[in-house]
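Colleague: Handing you this structure, nothing more for now.
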Amino acid sequence: EDAVLAATEGLPHFEVGPPAFSPDGSVVAVGTGVGQVKLFNPQTGEVVRALDDEQKKLADKKTPENLKSLTRALGSVASLAFSPDGSLLATCGGSFGDYSRVFDSVERLDEFSTGPGRLKVWDVKTGMLKHDLVGHSHANAVSFSPDGSLLASAGSWSNDSECGTGVIIWSSQSGATFRRITTNDNGGAHSVAFSPDSKLMAISSLQFDVDKANDAGTGAINLAHVASGVVQRR
């Protein structure tokens, strides 16, 4: 892997993280800036499994061929979360297409649009891809509800009919959309957490250009009701 990374011209700075422990502590998952997700035995350091979306990885035409030899789950990894029973691992970040933009010699000013490849749910035992959930143009964080029935993803979305920021709530088993909670902040939602009873959700987000004189922004925390989607306060 070191040889492949060293030989890849134009590769951005390589980062390791984020990590996540399984609820029983038997597995630690680690993501990287080039989209690798590896599951380790934390006692021995042995690699138990590496997640690979081979079909989507090989289909991307702008990713250098030598980089396609790496086992990669996404284009880049921003967040990982195990389900409460440890059977599922949710991963989010950039798609293969998002990441391959760094190798495009033509400067691209177009915005990212909502599409697949940025939020994936995996079967931990088999390493098989269970869901590739479509809903984000940027996916920054994932979190399972404590009862395990729901998955929340924080980020933004953009297409011809709408754009916005906030959280999408999904059924963790079927992958169906349960609810979308929109925040008023234009910098995207960057983290999300459920309350212990799974009824409330805290969402952190960023507002740009609040202080236009200094080109500064400010953060916000939104508290929302999961069942209704009503944002209680910020």
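Colleague: By what distance, in whole Å, do the Cα atoms of the chain stretch along each of the three principal axes, largest value first?
Modeller: 51, 46, 31
Colleague: Let me ask you something else. Counting only protein heavy atoms, what percent of the accessible surface of the chain is carbon or sulfur at a 1.4 Å probe? Mind dumping the intermediate values first?
Modeller: Values: 6010 of 11640 Å².
Answer for the chain: carbon and sulfur cover 52 percent of the accessible area.
Colleague: State the percent of C-alpha pairs, over all pairs in the range 119-178, separated by a distance greater than 20 angstrom. Kindly include the intermediate steps, with their values, before the conclusion.
Modeller: Numbers: 450 of 1770 pairs.
When all Cα pairs of the range 119-178 are counted, 25 percent exceed 20 Å.
Colleague: How far apart, in nanometres, would the label points at Ala6 and Ala59 be if each is projected 7 angstrom from Cα along the Cα-to-Cβ direction?
Modeller: 3.4 nm
Colleague: Give Lys38/Lys68; Lys57/Lys130; Lys62/Lys130; Lys62/Lys120; Lys125/Lys199; Lys38/Lys120 a once-over and call out the pairs whose C-alpha atoms are over 24 Å from each other. List each step's numbers first, then the result.
Modeller: Working: Lys38/Lys68 16 Å; Lys57/Lys130 16 Å; Lys62/Lys130 26 Å; Lys62/Lys120 21 Å; Lys125/Lys199 29 Å; Lys38/Lys120 14 Å.
Too far apart for the 24 Å limit: Lys62/Lys130; Lys125/Lys199.
Colleague: Tell me, what HN-Hα J-couplings in whole Hz come from the Karplus equation 6.51 cos²θ - 1.76 cosθ + 1.60 at θ = phi - 60° for each residue of the range 174-186, using x for Gly and Pro?
Modeller: Working through the residues one at a time gives 8, x, 6, 6, 8, 6, 10, 10, 9, 9, 8, 9, 7 Hz.
Colleague: What accessible area per residue comes out for the range 3-157, rounded to a whole number of Å², with a 1.4 Å probe? Walk me through the numbers before you get to the answer.
Modeller: Numbers: 7070 Å² over 155 residues.
Counting only protein heavy atoms, the per-residue value for the range 3-157 is 46 Å².
The values are calculated or read from the model by the stated rules, or taken from the named source; none is laboratory data. Computed from a predicted model, the values in this text were never measured in an experiment. For neighbour counting, all protein chains shown are included, and Cβ atoms are generated from backbone atoms with ideal geometry for every residue, glycine included. For accessibility, only protein heavy atoms count, side chains too; no ligands or nucleic acids. Shrake-Rupley method; radii C 1.70, N 1.55, O 1.52, S 1.80 Å.
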